[in-house]
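Chemist: First, the structure itself, so that you have it in front of you.
Read-outs throughout are calculated quantities, based only on the coordinates presented, and are distinct from any laboratory measurement. Computed from a predicted structure; not experimentally measured. Quick reminder, even Gly has a Cβ in these numbers, built from the backbone with ideal geometry, and neighbours come from all protein chains shown.
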Amino acid sequence: MLSSNDKKLEKMDPFYQPSVSKQKTSAEIISEARNALRTVRTQRPFTPQEDQRKLFGPTSSRTLENRPPSSFSLHASSFESSDCRPISGTRLSPLELKPKAPPSPTAEEDPCLSFPKPPVDPAKIRRISSARARLFRAASQGALLPDRSLPPAELKKTVESKETVMLGDSTVKTNGIYLTESNAAGHLKHHSLQLTCEGGFRDIQEREGLSRTTLPSHLRSGGDPGKRRARASSCPSRSDLSRLETKAVSKAYLQETDTEIEVDEVFWNTRIVPILHELEKEENIETICATCTQLHHALEEGNMLGNKFKRRSILLKTLYKLVDIGSDMLSLKLAKMILALKVSRKNLLNVCKLIFKISRSEKNDSLLQNENILESLLEVLRSEDLQTNVEAFLYCVGTIKFISGNPRFLNEMISKGAVGILAHLIRRVNEPSKTWGACLPNSGHLLVQITATLRNLVDLPRARTQCLGAGILPQLCAVMELYLDDKDICTNIARIFSKLTSYHDCCTALANYSRCYALFLNLINKYQKKQDLVVRIVFILGNLTAKNNQARERFCKERGSIHTLLSLFQTYQQLGLPSPWPQRPTGPRLPMEAEDVLVKLTRVLANMAIHPRVGPMLAADSHVVGLLLTTLESKSLDDSEELVINTTATINNLSFYQVKNSIIQDKKLYIAELLLKLLVSKNMDGILEAVRVFGNLSQDRDICNFIVQNNVHKFMIALLDARHQELCFSACGVLLNLTVDKDKHIVLKEGGGVKKLMDCLRDFGPTDWQLACLVCKTLWNFSENSSKASSCFGDEDTNMLLGLLSSFLDEELVLGSSFDQDINDYHKLHWETEFKPVAEQLLSRIRSSRASLAPLPVPSL
């Protein structure tokens, strides 16, 4: 007699994935999705290294006329002598100021408030130039110093109203008399004089580079205080102001005079001058190089590097002359010193070109490394002004791009902060477009070099971490948006993203930037026939949608996303299909480039199908299914292995959804026929994907009949001997669905199916409790139609099964064997939630059917 519990077990439904709707737990849904829906992997598009080092490679979209040259000649005459001028320029001659003191004021008067009276003859003013007349008028009206007799409010008003007076082409700022005059080139430049008695002359001293000894003795400080007061009353005359007005100087000169540094004459004469003489007379290259190194060390010791000392002109002229020697080793030493002397404008461009020219030859990489030229180049990017030196930055970054292609430089570049410097440079390039709505001239050429350099750097883990820290991914997306018409920039950034998104943290960071999806769709639409760019964009989308359900949803919500993918699929599929399409099993071989696009596209579709709302929509789209089936019809595993496998995986994900309007379900028998050619192939990956599709389709009775009629079930049983865990799992899934139909229980006895299932349980059970659960479900279905479960297995198989189930249900025996706690927790979860419930029911059924028989010994495991 069977107990009530045993009777309940006998009436339980068979284990399978039913087609009828049934309430499922969250764990069941997750388990089904994990087993039936799978992301697809593919290799990153390969980028061959360029044979020659050029600013723009052979695949560049730029014409020769529209890009800066990579080849040029440089000589000493290429450098401008203006940058050789000492930082303070030519000394101005001392001002011969001989102010005449007015009559002695009374004790109550302030001598500094005694102004000359206005001229009484207006004709005299008309005879003077307009500029001079205005200056006189300003002085006559009390604009030089405020009238202290006025109330504070009126005083402030007077000062503000008279603060600035136009003086011809110049501006006189009368608060201390600031004169702005035109220089020889016609530009407005600043020149200031503060003529407040003794303090005014002191300012003249500082700004005109005058020494204290050049001033008249009666204007120097010191001596009797009463005399100093008398001297303070001596203000400059109009003729003195006229003399100062005519001394026009450039803005750059005025900026430099404020920071001039005196050199140590003794150090200069004893240490520097002999080295310079040595350089001028030496002829041996090696000796000249050694002398240059000695000079550089001496300049560092004497604090003479930079642009703040007087003797800089002599140094630069000497160094420029040596450029004509033409030695790469010497030129690098010269360039390093010239950069350390902080040249600007054209000379900065030329020295960057000089280094660029040397770096074009790989044999010079060791020279570049020995001279530590990278540090000098990065300093240029850090400190120089971008807007006035875009072309110099172009050749500077171009050199860094060349050496970044050499693995020996990568760690050094990362250690010196190259990623952060380039990230900051990208922001500086983007700023004008945000501020003025326009890009910097030639900034596109510069961005090509920056992005190509980053493409080489991001191979290193530390570089990827720095990219995330610098927020470089959104910046690069912004560059793509601004330079959408520049294919070179977009291709380089796509190469960067294709590398970075191969790693989870970078992929997540880009996926969270919501604007990237619309950007990538725009690129696909704009460059649909540019394979090298499109294939990378599609690869990036495949990475974003591989493990991020939010990314799948965001991409699907973008307008025209699926339509864009299908249009691209059709375009590249037609490249390998003749017109009209003949009825034959295999088509011509697609070009490798076109086929690579299709491989990446099918991967995106497979990943998108995992989303519970997107998947059913794709399964019901006749265009999607039609393109996939056309691929299976026309391609073979031998010729297009990855494309066929990815296509089958996509069909597998779509076949998971048992929806009424599914095109997959409508064409299920035709799909099963197409899968047969994969089963008979020798490609294990192709066989595995085909078996997975059969696992989903075999939930339908018509497919089950097709499997039996075509002896596919025998093939599934044979796969249980493959010792391939995934193949065993998928084949067991197909057999499980077959055993739902009681009429097909017999198929397990053909070819020793039951015995092979037990072997799988024994071999894979302790390491894969999901597979063990699937085996137990199949054996449960197989034993359901028998009055006694033990009779359907036979004594030997029953004994073996009892021993296995008893052992595997012993928690202490089978769990906690790994030193990794995460692995232990993983196994325990699946053992408790999946294997244990089914195994206990199967064990109870077998024991109940053998209750009247003597116990059998348990076999050893």
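Chemist: Specify the inter-centroid distance of the range 475-518 and the range 698-731, based on alpha-carbon positions, in whole Å.
Modeler: Taking the Cα centre of the range 698-731 as reference, the centre of the range 475-518 is 44 Å away.
Chemist: Sorted by packing (mean other beta-carbon atoms within 10 Å per residue), highest first, where do 75-81, 632-638 land?
Modeler: Sorting 75-81, 632-638 by mean packing, highest first, produces 632-638, 75-81.
Chemist: May I pose another question? Over what distance in Å are the Cα centres of the range 655-695 and the range 274-353 separated?
Modeler: Using only Cα atoms to place each centre, the spacing works out to 73 Å.
Chemist: How do 599, 538, 754 line up, fewest other C-beta atoms within 10 Å first?
Modeler: 754, 599, 538
Chemist: Which order do 843, 316 fall in if you start with the one that has the fewest other Cβ atoms within 10 Å?
Modeler: Ranking 843, 316 by Cβ neighbours within 10 Å, fewest first, gives 843, 316.
Chemist: Let me ask something else. Tell me the volume per residue, in Å³, of the convex hull enclosing the alpha carbons of the range 276-363.
Modeler: Looking at the range 276-363, the number lands at 93 Å³ per residue.
Chemist: Now for a different question. At a 10 angstrom cut-off on C-beta neighbours, averaged per residue, how do the peptides 762-772, 274-284 rank from highest to lowest?
Modeler: Those peptides, ordered most packed to least, come out 762-772, 274-284.
Chemist: I've got another one for you. How far, in nm, would the chain grow between residue 710 and residue 666 when pulled straight, counting 0.36 nm per residue and subtracting the alpha carbon separation?
Modeler: 13.8 nm
Chemist: Would you kindly state how much longer the chain becomes between residue 701 and residue 513 on full extension, computed as 0.36 nm times their sequence separation minus their alpha carbon distance, in nm to one decimal?
Modeler: Additional length available on full extension: 63.1 nm.
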